[in-house]
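*Asks:* Mind looking over this structure? Questions follow.
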Amino acid sequence: MKQLAILWLDTPRWARGVFLGNICYIVLAVDYFTRLGPRQYWFFTVWSPFFWPTMRTPMDSWILLNHVAWCVLGAICVERWGEIKGILVSTCLIYSVNFALFVIQFIRFNSPF
Amino acid sequence: MQASTPKLEHKISYDLLKLGFLVFLVLSPLLPYGITMAYNSYLLVRTPALIKSLSVFPGATLDKSYIRQDGQTNHCLELIVRYKSKVPYDQEKLRAFYTSALLKQGWHKHPGGFFAKPYFSKSTMIVDISTDQKIIWLRVTFLAFPIFQPGCFQ
């Protein structure tokens with residue numbers, strides 16, 4: 001464990017950012033999995049940013065783009081601000097963009113559903 | 001000189017480990033896709049056993065079968081089968097037979113099936129039937145590994 005910590009701290013920060021961005025994505029991508037069956041986990045539905053702009057129709061390319069963006073932003077932000085602040089900033093950016101799209105959709109269709 | 005050699009070896013192995021770890025971190029975003037591909041291949045490997053169990057519907061012959069990826073979402077695997085019978089089919093009986101055959105095969109136990117189990121009856125679709133009801137096309141839909149994918153039953 002100690003060795004892993006040493007190894008972690010010894011790798012470039014941007015690579016750690018890619019990994020952390022990927023983990024964030026995977027955790028929230030579970031949302032789509034849980035939406036398949038009767039076990040609807042409301043906390044994923046609420047907190048998964050991909051869910052908002054895709055309420056009307058599933059947009060696979062958008063989800064894929066989120067994955068790429070989260071990893072790239074993770075790399076840039078963690079390199080710039082370190083793990084904690086960097087991943088928080090990249091997460092905020094991802095949420096902001098998705099939320100903006102949700103609002104646009106809401107205005108355009110008068111309902112997100 | 002002798003004392004420095006183990007140190008150098010240790011450094012090289014650590015550098016290699018570091019490089020390997022770096023490669024792992026950078027390529028980690030590909031993992032969900034790799035797992036998905038592997039899992040779907042596993043489903044395909046299990047398909048012949050499933051088809052075999054479906055080929056014993058009384059009074060009917062399994063005429064044709066193939067598996068394909070769902071064209072609309074690409075997130076589901078569809079097993080398409082064609083039955084031929086000498087007598088008209090009882091559609092509900094056939095559907096029930098399919099569902100029980102799927103459960104016997106343990107398809108509901110795969111990770112997607114954990115969520116998909118209640119959908120089995122819905123996922124067995126009669127897609128086409130001849131006017132004399134002697135030739136029938138059925139489609140069974142399975143979840144592909146869904147770690148990053150939306151569902152196919154929406």
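Here's the yes/no breakdown for (1) open to solvent by 90 Å² or more (accessible area, probe 1.4 Å); (2) within 14 Å of chain A (Cβ to nearest Cβ); (3) modelled with pLDDT of 70 or more; (4) at positive phi:
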{"site": "B:35", "(1), (2), (3), (4)": "no, yes, yes, no"}
{"site": "B:50", "(1), (2), (3), (4)": "no, no, no, no"}
{"site": "B:79", "(1), (2), (3), (4)": "no, no, yes, no"}
{"site": "B:96", "(1), (2), (3), (4)": "no, no, yes, no"}
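*Asks:* What is the one condition in (1) part of a helix (DSSP H, G or I); (2) open to solvent by less than 40 Å² (accessible area, probe 1.4 Å); (3) at pLDDT below 70; (4) out of contact with any strand residue (DSSP E or B) (no Cβ under 7 Å at 6 or more places or on another chain) that residue B:103 does not satisfy?
*Replies:* For residue B:103, the exception is condition (2).
*Asks:* Still on this structure, I have one more. Enumerate the pairs (first residue in segment B:20-38 and of a type in the set (Ser, Thr, Tyr); second residue anywhere and in a helix (DSSP H, G or I)) with beta-carbon separation below 9 Å, excluding pairs fewer than 6 apart on the same chain, so at least 6 apart or on different chains.
*Replies:* That search, which allows pairs on different chains as well, returns B:28/A:18; B:28/A:19; B:28/A:22; B:28/A:23; B:28/A:71.
The values are calculated or read from the model by the stated rules, or taken from the named source; none is laboratory data. All values reported here derive from a predicted model rather than from experimental measurement. Heads up, the Cβs are rebuilt from the backbone with ideal geometry, glycines too, and the neighbour counts pull from every protein chain shown. With ligands, DNA and RNA removed, areas are computed over all heavy atoms of the protein, side chains included. Shrake-Rupley method; radii C 1.70, N 1.55, O 1.52, S 1.80 Å.
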